[in-house]
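Visitor: I am attaching a structure below and will ask some questions about it afterwards.
Nothing in this text is a laboratory measurement; each read-out follows from the coordinates by a stated rule. The structure displayed is predicted, hence computed values, not measured ones. Here Cβ is always computed from backbone atoms with ideal geometry, including for glycine, and neighbour counts include all displayed protein chains.
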Amino acid sequence: MEREFYEVRWHGRGGQGVVTSSELLALAALKEGKHVYHAPEFGPERRGAPVRAYTRIGNVPLELHSGIYEPDIVVVIDPSMQNEPFIFAGLKKNGTLVINAKTPSEKVLENVKNLGLNLWIVDAYKIAMEVFGRPFYNTPMLGALVKASNIVNLDSVLSAVSERFSKDSKIAQLNVLAIKRAYEEVKKYE
């Protein structure tokens, strides 16, 4: 982490753990002595409705406590959302986009080219089904983000996850495994 702060915007649907992923990233950064801001954004929507969460991580105290409208990094947890225009809204030129997909869509590739983005892809669905037996994409996407961005160390994330899920060691172990798998399997799209 070289800059004063980084801003991450998470996209997914209600019930997919978007807010939990943002929180876990913030907890990992706190473990490293960094300053953080984490917040969800959702209304009265139901499970399955679009949800956003924000994580701001800095080496200096953060004075900005608001949504993130010009993120350095966007993480798209839900694979059906990769073509939604709002995921690209405000994403900084040369920013990073991390998506849950086997392959990127033509629309994603077009936006990546036009905005000069760094695109990282991981099949979080496959990892989630193999690890959990259910489509829990959020922690695999957290592992992919850590590899793609280097904002925090993997060990800090694993420690935060183990503490957050300490009441159920099996759930903690599965989430750690999913994060490690995604960290290893995420690829930068060239």
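Visitor: Please tell me if Ser156 is of a type in the set (Ser, Thr, Tyr) and under 23 Å from Val98 (Cα atoms).
Guide: Numbers: of a type in the set (Ser, Thr, Tyr): yes; under 23 Å from Val98 (Cα atoms): yes.
Yes.
Visitor: Let me ask another. Quick one: would you say Ala172 is within 14 Å of the chain's Cα centre (by Cα) and surrounded by 14 or more Cβ atoms within 10 Å (Cβ to Cβ)? Don't jump to the end; show me each part of the working.
Guide: Numbers: within 14 Å of the chain's Cα centre (by Cα): no; surrounded by 14 or more Cβ atoms within 10 Å (Cβ to Cβ): yes.
No, not satisfied.
Visitor: Would it be correct to say that Val19 is touching a Pro at 6+ places or on another chain (Cβ under 6 Å) and not in a loop (DSSP other than H, G, I, E, B)? Outline the logic, then answer.
Guide: Numbers: touching a Pro at 6+ places or on another chain (Cβ under 6 Å): yes; not in a loop (DSSP other than H, G, I, E, B): yes.
Yes.
Visitor: Can I ask one more? Inspect all residues belonging to the range 53-73 and state whether any of them is in a strand (DSSP E or B), out of contact with any helix residue (DSSP H, G or I) (no Cβ under 7 Å at 6 or more places or on another chain), among the basic types (Lys, Arg) and within 22 Å of Ala101 (Cα to Cα). Spell out how you get there, then give the answer.
Guide: Taking the range 53-73 first, the residues in a strand (DSSP E or B) are 53-58, 73.
Right, trim to out of contact with any helix residue (DSSP H, G or I) (no Cβ under 7 Å at 6 or more places or on another chain) and you get 56, 58.
Filter again for among the basic types (Lys, Arg), leaving 56.
Next, only the ones that are within 22 Å of Ala101 (Cα to Cα) stay: none.
No, the conditions are met nowhere in the range 53-73.
Visitor: Ok, one more. Is it the case that the range 102-112 has a residue that's in a strand (DSSP E or B) and either surrounded by 14 or more Cβ atoms within 10 Å (Cβ to Cβ) or touching a His at 6+ places or on another chain (Cβ under 6 Å) (or both)? Steps first, please.
Guide: Filtering the range 102-112 down to residues in a strand (DSSP E or B) leaves none.
The answer is no, given that none of the residues of the range 102-112 is in a strand (DSSP E or B) and either surrounded by 14 or more Cβ atoms within 10 Å (Cβ to Cβ) or touching a His at 6+ places or on another chain (Cβ under 6 Å) (or both).
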